[in-house]
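The values are calculated or read from the model by the stated rules, or taken from the named source; none is laboratory data. Since we're looking at a predicted model, the values are computed, not measured. All Cβ positions, even for glycine, are placed from backbone atoms using ideal geometry, and neighbour counts span all protein chains on display. For accessibility, only protein heavy atoms count, side chains too; no ligands or nucleic acids. Shrake-Rupley method; radii C 1.70, N 1.55, O 1.52, S 1.80 Å.
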Amino acid sequence: MNISNKIMDGIASMGRGLLDNLAGLGRASMVLVHALFVWPQPKTSFSLVVKQLYNVGVKSLLIIVVSGLFIGMVLGLQGYTILVDFGSEQSVGQMVALSLVRELAPVVTALLFAGRAGSALTAEIGLMKATEQLASLEMIGVDPLRRIVAPRLWAGFISMPILSMIFAIVGVYGGALVSIEWLGVFSGSYWSVMQGAVDFYDDILNGVIKAVVFGFAITWIAVYQGLESVPTSEGISQSTTRTVVYSSLIILALDFVLTALMFGDV
Amino acid sequence: MAIIENIIEINHLKFRRGDRVIFKDININIPQGKITAIMGPSGSGKTTLLKMIGGQLSPEQGEVLVGGVSVAGLSRKELFAMRKKMGMLFQSGALFSEMSVFDNVAFPLTVNTDLEPSLIRDIVLMKLQAVGLRGAAGLMPSELSGGMARRVALARAIALDPEIVMYDEPFAGQDPIGMGVLVTLIKKLNQSLGHTSVIISHDIQETLSIADYIHIMADGVVVASGTAREIRESRSAEVQQFINGHPDGPVPFHYPAENFMQQLMGEKVGIDR
Ligand SMILES: Nc1ncnc2c1ncn2[C@@H]1O[C@H](COP(=O)(O)OP(=O)(O)OP(=O)(O)O)[C@@H](O)[C@H]1O
Ligand SMILES: [Mg+2]
């Protein structure tokens, strides 16, 4: 009797949790639709997006460049020690480039982007909510979804693929630095093997598609968490944490799905 | 007697926050071109009422009509159009933290009008002059005191010369001089421009001196309505307690709670939520 009651309670609370999640997903979709599918006002929208591109994109550049460089160098080093056993250390360039372009550039850039830009977006929007700045925009007759949310979403979509490409390029040079300058791989073969192996559509374009999808997911999560945050200091800190945790998990899960779709049919 | 048109009508409003009933049955008419004050104990729902007039909250039952149209029935687009005719001074000020004082006041003008920048500049300086803060135009909100921030917010609320201005505690945190200036300013704006003003305030004397009509809310209903004179002369115990500030009387000072002695003597450690 008692146990069956507990089970029923458990099922009921699971159901409630599911409904809450569905309602959250619905609200998040509404945010996206309202923010993106509106007629832009050319005069202001453009400059707002540019400002956010600076906040979201340019300010993330340093961490992306530094990480790209080190990851490229590690790839060069690891690749060389593996390949030298097979006497094929001259193709280390191919390994560095393919790992970066297909996987590491979009994924690591996205993880860093979630920590650097996503968390900042959530905190900023959450604080605007807590201090009634969003309410006061509404009362002035300005829709915060258009004014605050839309430019941040666009800036996220646009800057992620660019940052990811920068990551890949810096990484390839990092790999070159280690394998050519330090380990003595012939520079001509590093570059020519790479050129021969990397395909524009199969590798570069797929990498860019991944970056766009990740950018979309991160900014959407970040903006939504900010809007839904409980307007207290504790609430904002929880939302910021959630942004980073949810984004990271979704990036890794989406990466598997996308990789399976793109490279799965061997 | 002249027929006074009500620009805002609140009919049989009911509203709850969770289990707590905020409005049981509120009926208030706000006539065009007049200053109407809404008073009541802290937590009685005055700010909530302003948010309903602005369409940021929707009533559970009853209706809020602005210009004869139900606010809750408006589409998102119509709602934003309606708000352009309203100015609201938020209780917290709610200045945009990344903009200077000047840009805060200019914001409603730049987004809602096609005025020349030089004209906007003149209007902004005029509004800041009116609240005594022209010299602070270049400061950021974080560099202002609480009272100054509220005056900037007031300047922003009236920047567009809206038809309806709602002031949520405009006098809070003002020194006696600032208070006098703001009282005169609100009165002057109302007379010269014909704004309809809705004021929430706890400053009884200032409010009674400028308001044409006063409504006192307590416990989810309007307990008294009338002109300043009628309120002063009211025989109602609630009204007398409220305007004279007696702690004991029919209006409770405390948020609903269990019996104090019982809670002190009780076994339970902690507080019910
Ligand atoms: N976001 C919210 N969630 C839950 N309850 C709320 C919220 N905002 C206000 N309340 C409750 O609604 C009631 C009315 O709040 P409101 O802010 O309208 O009061 P008020 O009359 O403006 O008080 P004050 O004079 O102190 O500003 C209060 O009891 C408060 O506890
Ligand atoms: Mg209030």
Point to revise | Condition check for A:Gly188: assigned to a helix (DSSP H, G or I) and either modelled with pLDDT of 90 or more or outside the structural domain of A:Tyr80 (by TED's automatic domain parsing) (or both) | key: no
Check your understanding: Considering only the stretch A:172-206, how many residues are under 30 Å from the mean Cα position of the chain (by Cα), loosely packed, with under 14 Cβ neighbours inside 10 Å and among the hydrophobic types (A, V, I, L, M, F, W, C)?
Key -> 2
Study note, to complete from the structure: Scanning the stretch B:1-42 residue by residue, the ones that are away from ligand 1 (no atom under 16 Å from the Cβ) and touching a helix residue (DSSP H, G or I) at 6+ places or on another chain (Cβ under 8 Å) total 4
Review point. Taking the stated definitions as given, is B:His215 within 16 Å of ligand 1 (Cβ to nearest atom) and either within 16 Å of B:Ile28 (Cβ to Cβ) or among the charged types (D, E, K, R) (or both)?
Key: yes
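Being over 23 Å from B:Glu169 (Cβ atoms) and open to solvent by less than 30 Å² (accessible area, probe 1.4 Å) is the filter here; which residues of the stretch B:70-98 pass it? Break it down stepwise before answering.
Narrowing the stretch B:70-98 to residues over 23 Å from B:Glu169 (Cβ atoms): B:70, B:72-82, B:84, B:98.
Residues satisfying the conditions are B:Leu79, B:Phe80, B:Met82.
Of all residues in the stretch A:213-236, count the ones that are surrounded by fewer than 18 Cβ atoms within 10 Å (Cβ to Cβ) and within 22 Å of A:Leu145 (Cα to Cα).
Quick first cut of the stretch A:213-236, residues surrounded by fewer than 18 Cβ atoms within 10 Å (Cβ to Cβ) only: A:216, A:230-235.
So of that shortlist, the ones also within 22 Å of A:Leu145 (Cα to Cα) come out as A:216, A:230-232, A:235.
So the count comes out to 5.
Looking at B:Leu139, is it within 11 Å of chain A (Cβ to nearest Cβ) and either surrounded by 16 or more Cβ atoms within 10 Å (Cβ to Cβ) or farther than 22 Å from B:Ser197 by Cα (or both)? Working first, answer last.
Working: within 11 Å of chain A (Cβ to nearest Cβ): no; either surrounded by 16 or more Cβ atoms within 10 Å (Cβ to Cβ) or farther than 22 Å from B:Ser197 by Cα (or both): yes.
Taking the combined requirement at face value, the residue does not satisfy it.
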